[in-house]
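Have a look at the structure below, then the notes.
The values are calculated or read from the model by the stated rules, or taken from the named source; none is laboratory data. Bear in mind the structure is a predicted one, so any value in this text is a computation, not a measurement. Glycine also receives a Cβ, built like all others from the backbone with ideal geometry; neighbour counts cover every protein chain displayed. Note: areas computed on protein heavy atoms with side chains; ligands, DNA, RNA excluded. Shrake-Rupley method; radii C 1.70, N 1.55, O 1.52, S 1.80 Å.
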Amino acid sequence: STNEFEVRAREMADALGKPTDASAPVNAVVAGSLSRQPPTRFAEVAERYGQLILAADAAWEASLKAAREGGQPTPTALSDPAQEELRSLLYSPESPLNAATRDIDRFFDTPTGQKVRALQRKIDELDATHSGAPLRAMALLDKDTPSEPVIFKRGNSGNHGATVRRQFLGVLSGTNRVPFAKGSGRLELAQSIASRENPLTARVLVNRVWARHFGTPLVGTPSDFGVRCDPPTHPELLDYLAVWFMDHEWSLKALHRHLLLSATYRQASDPGSSPADHAAFAQAESADPANALLWRMNRKRTDFEALRDSLLAVSGQLDGTLGGQPVPMFEAAGSPRRTLYGFIDRQNLPGLLRSFDFASPDSTSAMRFQTTTPQQALFLLNSPFMAERAREFVRRPELASQDPKDRVDRMYALALQRTPTAEERTLALEFVAHESGPAPEPPPAATWSYGTGQFNAASGRTEKWRPLPHFTGKQWQWESKLPSAEGRWTLLSRDGGHPGHTAADSAIRRWTSPFAGRIRIQGSLNHPAEVGDGVIGRVVSSRSGELGMWNAHHSRQETGVNDLAVQVGDTVDFVVEPGADENTDSFEWTVEITRVDATAPGPASSWMSRRDFGGPQSTEVPLDSWQELAQVLLSSNEFVFID
């Protein structure tokens, strides 16, 4: 009420007019301003403080300018302590404004927040990858006063139970446990795990190293040494290796050397050439067909890292430089560095590594699975990496001889560390004597292209078209990673894709007409997700404008255009833009374009977005017969397997 307001105003004026306690910290500038003209509203108090702080900030700027113009040292504070105190409200490390700015990103709208995060990622990447970046390792730092852990009743973090002492596992240490006393106890836990009093750790380690070299572990379940697992095939050997490992200061390098120099490891996997060897081999195989007793070596296929390094080494291109930053190497030809230094993005593991049974980087893997899939053979047959290895192999100085026989012998020696048999030499010479056929005709100009842009409702046309620059082998996108450094998610794949965050960054599959005539369009747009608000699909002709618009939200829409006239060079865009909610906008849209005047002269009569999908057309020169022979040797089982 008005009376209540007047009472509060008088109370405020009376309070401001009373003398202050001399011992109380009072800013003279603030006290003078409030006493000269007492405010009558709380909002006016805030305004007065704002004016005083801005005045102090202006005084600071003026002092800096005066110092620069007068050639004086930069001041560290204002000469008036009261004004400096006000200025510190803006710039002091203890200022409440600093606490607010640390969390200011919480107040950004979605596009602004994404842009800020993309810029921050660039800063982080530069800090980690520039030429002067120091080597880093993940590390933990204990708190000065670690908190005592408690039991969460029924898993509820808000429902605390009894306190739990930090100590080693009771099942492994018995009843004489002593609680950890140093900091968080992490160091004591590590020392308890890697202890002679806990031989289980040594057994697990030597079992995994053994499996790495011999193909099968001594304990068939490397992550389970419990009472329900199969017993070791060689229990005395497992115990001997565990004790030997601990006696040699837990050195993995020494353990590797010990195993590799053993007579067991140095056995052959085949019976040899003499009749006596064949007889002994047959007898042993009859007694132990599974080779459980290791009377011979098991032939093993190399993992992808060793295979890639071997291909680079034989072709003379392996970069053996030690140390340094990780580098991208799993796309196209990649880097010649050892595969050990390949950059791994845990959230976007290259499909090539998945094809070759690379272990998941998201979890601990006791051992790798081993599969034989068509993708592995296709990589060895068709990948640019393999083609380049074959070319470089033939260019090696050791193969400069003009004598075909000598050249074949040197190729076998370099690739397989042996001379060819008489039959192999004859076949190789016959192979290289017949050059490959004529180079294939260059492919026709691409009809489909993949990009982004936006639909202009006023003109009914697509504008700001630009092609997506990066092809991963499966999809077109902005960069090798998703999202891009600028936070863009736009992509197009064989079956569909994903638009960007706004209609200005729509996903656009473009068809360019190679003829003049009439076409019919059939298609199906699907938004499979149950969440989000769906996507908007449009078919837009460069000649006729928008031909149709469909909203797909957890549904499938048929997207047909019965009859459309086109000229050579006309484009038809299949535009997908997000709804108001930019989340969960993955879509499927397959399209078939059919020529309805197929009797007229011209190119093929149908185009299918799924069938015709692909990446950049290759401009590489086909391999000659010597290079093809090199690829055969580098793809052979003898090269890929370890004997």
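Of the GluC sites (Glu not before Pro) found in the range 216-296, those that fall in a DSSP loop while having at most 12 other beta-carbon atoms within 10 Å are E249. Qualifying trypsin sites (Lys or Arg not before Pro) in the range 73-157, where qualification requires a DSSP coil assignment and no more than 11 other C-beta atoms within 10 Å, comprise R136, K143. Could you calculate the contour length gain from Q375 to S544, that is, 0.36 nm times the residue separation minus the distance between their Cα atoms, to one decimal place in nm? Residue separation times 0.36 nm, minus the Cα-Cα distance, leaves 56.5 nm. Straight-line cross-link reach from K474 at under 14 Å between alpha-carbon atoms covers these aspartates and glutamates, not counting any fewer than eight positions away in the same chain: E331, D495, D612.
When the surface is traced with a 1.4 Å probe over the full set of protein chains, I123 keeps roughly 100 Å² accessible. Checking the a/c ratio against 1.5 first, then a/b against b/c, what shape does the Cα gyration tensor give for the range 32-103? Oblate. Length gained on full extension, T594 to L90, computed as 0.36 nm times the residue gap minus the Cα-Cα distance: 174.7 nm. As a fraction of the 1.4 Å probe accessible area of the range 167-284, surface on carbon and sulfur atoms comes out at 58 percent.
Taking all Cα-Cα distances within the range 369-420, those exceeding 16 Å account for 55%.
The value obtained for the range 80-192, namely the Cα convex hull volume divided by the number of residues, is 284 Å³ per residue.
For A282, the shell of other residues with beta-carbons less than 13 Å away shows a net charge of -3, using +1 for Lys and Arg and -1 for Asp and Glu.
Extending 7 Å from the Cα toward the beta-carbon at both T447 and C229 defines two label points whose distance is 5.8 nm. Using the Cβ-Cβ distance between L427 and K300 with R0 = 30 Å, the FRET efficiency computed as 1/(1 + (r/R0)^6) comes to roughly 0.65. The long axis of helix 275-287 is offset from the longest Cα principal axis of the chain by roughly 50 degrees. Please find the FRET efficiency linking S625 to L237, where r is the Cβ-Cβ separation and R0 is fixed at 51 Å, and quote it to the nearest 0.05. For S625 and L237, the calculated efficiency is 0.50.
Model label sites at S184 and K253, defined 7 Å from Cα along the beta-carbon direction, differ in position by 3.0 nm. Taken over the range 507-575, the alpha-carbon convex hull comes to 73 cubic angstrom per residue.
Of all the accessible heavy-atom surface of the range 307-390, with the other protein chains kept in place and a 1.4 Å probe, what percent is carbon and sulfur? It would help to have the intermediate numbers written out before the result.
Working: 2620 of 4660 Å².
Carbon-and-sulfur percentage of accessible area, whole number: 56.
In the range 375-519, the convex hull through the Cα atoms has an average projected area of 15.0 nm², a quarter of its surface area.
Among the trypsin sites (Lys or Arg not before Pro) within the range 219-268, those in coil by DSSP and having at most 15 neighbouring Cβ atoms inside 10 Å are R228, R266.
Accessible area per residue for the chain, computed on protein heavy atoms with a 1.4 Å probe, is 61 Å². Here the calculated FRET efficiency for R396 and N551, from their Cβ-Cβ distance with R0 = 45 Å, stands at 0.15, rounded to the nearest 0.05.
Find the centroid of the Cα atoms in the range 359-428 and in the range 195-260, then give the distance between the two in whole Å. Computed from Cα coordinates, the inter-centre distance equals 34 Å. Counting only lysines at least 8 places from K481 when in the same chain, those with an alpha carbon closer than 25 Å to its own are K115, K122, K464. Put a dot 7 Å past the Cα of N27, heading toward its Cβ, do the same for R610, and the two dots end up 6.9 nm apart. Fully extending the segment from S269 to A162 would add 32.6 nm, taking 0.36 nm per residue of separation and subtracting the current Cα-Cα distance. Using just its DSSP H runs of length 4 or more, each adding -39500 (n - 2.57), the chain gives a mean residue ellipticity at 222 nm of -11000 deg cm²/dmol after division by all residues.
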